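Undergrad: I'd like to ask you about the structure that follows.
The values are calculated or read from the model by the stated rules, or taken from the named source; none is laboratory data. Values in this document were obtained by computation on a predicted structure and should not be read as measured data. Methodologically, a virtual Cβ is constructed for each residue, glycine included, from the backbone with ideal geometry; neighbour enumeration extends over all protein chains shown.
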Ligand SMILES: [Zn+2]
């Protein structure tokens, strides 16, 4: 089965209409279909689209960043955290030193202790995308081997060291 590389612009809102993210004014996103480069629900909804299509896609949380998991909320001593100064509910920071450490959110401050929430900030949130498909083309053999689109930009090869440009 052939697979396509799809390039699109998007605006992402929550069900209340609040703007969460947009590619407008920046580079469009390119991805290889079915490669996990974008969230599953959007990948599935855009399967087989044509260039020029404008589409509203609603993706339930379970097919986006997952449902919230309350076991991901943990109580830790503030003194053990890699942050200085006051912490406030809603503050976000990296849980560790390396670049791939998860982002955690302060869910509560109780004296010397902090409630840290390691859920993705969009866990449990249903997503509403307004998508405009810019281009659709067949994936190259190299892209299929690497498992991602080779268009420069978001979600492409910049994300890892596969030696391609
Ligand atoms: Zn590659």
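Undergrad: With the checklist (1) in the same structural domain as residue 14 (by TED's automatic domain parsing); (2) at pLDDT below 90 in hand, flag the one item residue 133 doesn't pass.
TA: Evaluating residue 133 over (1) in the same structural domain as residue 14 (by TED's automatic domain parsing); (2) at pLDDT below 90 leaves (2) as the failure.
Undergrad: Out of 124, 155, I need the residue that is under 18 Å from the mean Cα position of the chain (by Cα), part of a loop (DSSP other than H, G, I, E, B) and modelled with pLDDT of 90 or more. Which one?
TA: 124
Undergrad: Can you pull out every residue in region 67-95 that is within 30 Å of residue 41 (Cα to Cα), free of Cβ contacts under 8 Å to residues at least 40 places away in the same chain and assigned to a loop (DSSP other than H, G, I, E, B)?
TA: Correct list: 90, 91, 95.
Undergrad: Another question, if that's okay. Out of 18, 27, report the one residue that is surrounded by fewer than 17 Cβ atoms within 10 Å (Cβ to Cβ) and within 22 Å of residue 92 (Cβ to Cβ).
TA: Exactly one of 18, 27 is surrounded by fewer than 17 Cβ atoms within 10 Å (Cβ to Cβ) and within 22 Å of residue 92 (Cβ to Cβ), namely 18.
Undergrad: Return the residues of region 110-125 that are touching a strand residue (DSSP E or B) at 6+ places or on another chain (Cβ under 6 Å) and more than 14 Å from residue 79 (Cβ to Cβ); say none if nothing qualifies.
TA: 115, 117, 118
Undergrad: Tell me, yes or no, whether region 46-61 has at least one residue that is surrounded by 13 or more Cβ atoms within 10 Å (Cβ to Cβ), assigned to a helix (DSSP H, G or I) and at pLDDT 95 or above.
TA: Looking for residues that are surrounded by 13 or more Cβ atoms within 10 Å (Cβ to Cβ), assigned to a helix (DSSP H, G or I) and at pLDDT 95 or above, one finds at least one in region 46-61, hence yes.
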